[in-house]
Every structure is written in C-alpha cells, then in structure tokens.
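Each remark here refers to the structure printed beneath this line.
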Amino acid sequence: MSKLFYSFLLLVMANVAEAQTDKPVYRSLAGFQYLEMVRGKVTENEAYPLLIAFHYSSGRPEETIADYDSLKTPVRIIIPRGNHVKREGYSYFPVNYYKEDSTTQVKLSRKTLDSVAGFVKAIEASYHNKAVVSGISQGGDLAWLLAVYHPELCKAAFPFAAFIHRQSFAEIMKLPVNKVPVYVYQGEADPIIAVGYTRAAVKKLGTKLTLKLTTYPGVKHDISGPMKKAYSLQIDKMLKQ
C-alpha cells in the first residue's frame, strides 16, 4: 500500500468518523449554517432517523441540543442557526419582527418559512429521509408552519410554546386536510402566549390539521421536566416510523 493511498484512506476514515460522531459539528447548506449531531448507533446500511430542530429567538443551536438529550432512538439531529444576529444569539425572523403589526409579521414569517423549507428539503435530499421537525418559541412557530404549509417535508411536528397568527386561520382553513401529526406543548402560565389562545387555535384548526395539545400547569414560556419526558417519548415513536 503506497503512502499516498494510505493517507487518502485515513482521510476517508476520518471523514466517515466525523459524520457519525456524537460531537456537534457545524456545516452549511442552502443558505444556513447548521449544527449536526449523531446520537446512538444504527445497524449497517440503515439510515439514521432525522430530527430538524429550531432554536428560540436570540438562541443558539448549541443550547438547543439539551432539549433532545432524553431521546432513546438513534437519530441525526440538525439545528439550523438563524441568519439574523440578535443580542447574544440568532433569530430566524428579522430582528424588528416583534415590533411589527400582525399583518407584517405574517408576511415576514412566511418569507422566512420559504427559506427554511428550502433548507429542510436540501437536508432531506442529502440524507434520503423525511424529518421530524421541532422547536421552541420562534423555533416552534417554524416547526408548526412547516407542518401546515409544507407537509410533504414533515414526518411530524413538535412545536413548544409556539404561536400561529389568527390572521392565518382563514387561509389555513382553505387548505386540504393535513394528516401530518402536530404535537403542541405549552405551559399554562406562559406570559408570552396565552394558553387560552393556543387552545382556541387548536380547536379552530383541528378540522384541517391533525393536532394534539398538551398543557402543563405552572409552566411559563419554557420546557419543564414532565413536558420534556412526554415529548421525548413521542418523538422517539415518530422517529421509528
């Protein structure tokens, strides 16, 4: 074996090992920087189930990893980083998004959704697998919107403390019935998104979307231990399908 071939073989082996490492690695695709992490082991020639998760506004992908550390199923986790710098982190929506009126917010969120959908499509094409999508707060908004407007890209959606604009209800009600399961989780003491609003949204949209809402007393705009345990079990089930 020549030294050149041996060096090439070591490089290939190193790249394969990196692709399967449980250490987070930053990569880029379709206009996004993203964090990739593989957890667990699959049998030879078996594809890893795919989870694409979204961080909160001003968050970072590195922080988001902990939201999924209770998963038992082997999984490839992809966490895109928002393209707008906000405070110490990043935002998917423009920084002034929450200062805009509701109509403008809907337009901006749909524009962002188009770019995110392009990213999800590129990731799924790269790994030949359909993803479970998830996220908290602004990231949860995107997970929910993906399931609504791009169901072909989602195996299931898990929005936590997420929000769907009332201005979008009429449009959603005109869409075909959507069978992608959307598991919504929210704290009942959420000071940002009233649980009553979420309950009303789920009731209204439930004739078009496959929605299940689970709420938690005393929990604010956050993820509690019982919530994490519940959604981790459900995500595990969906990853195996």
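So the values come out like this:
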{"quantity": "Unique residue being without any contact (Cβ under 8 Å) to a residue 60 or more places away in the chain and touching a His at 6+ places or on another chain (Cβ under 7 Å) when the list is 80, 61", "calculated": "61"}
{"quantity": "Within the range 19-37, considering residues that are outside any loop (DSSP other than H, G, I, E, B) and of a type in the set (S, T, N, Q), the one surrounded by the fewest Cβ atoms within 10 Å (Cβ to Cβ)", "calculated": "28"}
{"quantity": "Every pair of residues 6+ apart whose Cβ atoms lie under 8 Å, when the first sits in the range 144-155 and is without any contact (Cβ under 8 Å) to a residue 12 or more places away in the chain while the second is of a type in the set (A, V, I, L, M)", "calculated": "none"}
{"quantity": "Conditions (1) in contact (Cβ under 8 Å) with a residue 24 or more places away in the chain; (2) over 25 Å from residue 150 (Cβ atoms); (3) of a type outside the set (Asp, Glu); (4) in a helix (DSSP H, G or I); number of the one not met by residue 196", "calculated": "(1)"}
{"quantity": "Filter result for residue 233 (without any contact (Cβ under 8 Å) to a residue 24 or more places away in the chain and out of contact with any Ser or Thr (no Cβ under 7 Å at 6 or more places or on another chain))", "calculated": "yes"}
{"quantity": "Conditions (1) buried (at least 22 other Cβ atoms within 10 Å of the Cβ); (2) without any contact (Cβ under 8 Å) to a residue 60 or more places away in the chain; (3) under 18 Å from residue 148 (Cβ atoms): number failed by residue 120", "calculated": "(2)"}
{"quantity": "The range 173-203, subset in contact with a helix residue (DSSP H, G or I) (Cβ under 6 Å, 6 or more places away or on another chain) and over 19 Å from residue 67 (Cβ atoms), residue modelled with the lowest pLDDT", "calculated": "178"}
{"quantity": "All positions within the range 38-61 that are within 12 Å of residue 81 (Cβ to Cβ) and not in a loop (DSSP other than H, G, I, E, B)", "calculated": "53, 54, 59, 61"}
{"quantity": "Those residues of the range 65-92 which are of a type in the set (Phe, Trp, Tyr) and closer than 17 Å to residue 160 by Cβ, in sequence order", "calculated": "68, 92"}
{"quantity": "So residue 174, is it exposed (fewer than 13 other Cβ atoms within 10 Å of the Cβ) and either of a type in the set (D, E, K, R) or touching a residue at least 24 places away in the same chain (Cβ under 8 Å) (or both)", "calculated": "yes"}
{"quantity": "Residue 12, sole failed condition from (1) over 19 Å from residue 135 (Cα atoms); (2) exposed (fewer than 13 other Cβ atoms within 10 Å of the Cβ); (3) modelled with pLDDT of 95 or more", "calculated": "(3)"}
{"quantity": "Residue match in the range 201-210 (condition: assigned to a loop (DSSP other than H, G, I, E, B), surrounded by 18 or more Cβ atoms within 10 Å (Cβ to Cβ) and not β-branched (Val, Ile, Thr))", "calculated": "yes"}
{"quantity": "Candidates 71, 108, 146, filtered to the one that is of a type in the set (A, V, I, L, M) and surrounded by 24 or more Cβ atoms within 10 Å (Cβ to Cβ)", "calculated": "146"}
{"quantity": "Unmet requirement for residue 134, which otherwise passes all of (1) of a type outside the set (A, V, I, L, M); (2) crowded, with 22+ Cβ neighbours inside 10 Å; (3) within 23 Å of residue 107 (Cβ to Cβ)", "calculated": "(3)"}
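The values are calculated or read from the model by the stated rules, or taken from the named source; none is laboratory data. Please read all numbers here as calculations on a predicted model, not as lab measurements. Neighbour counts run over all protein chains shown; Cβ positions are idealised from the backbone, glycine included.
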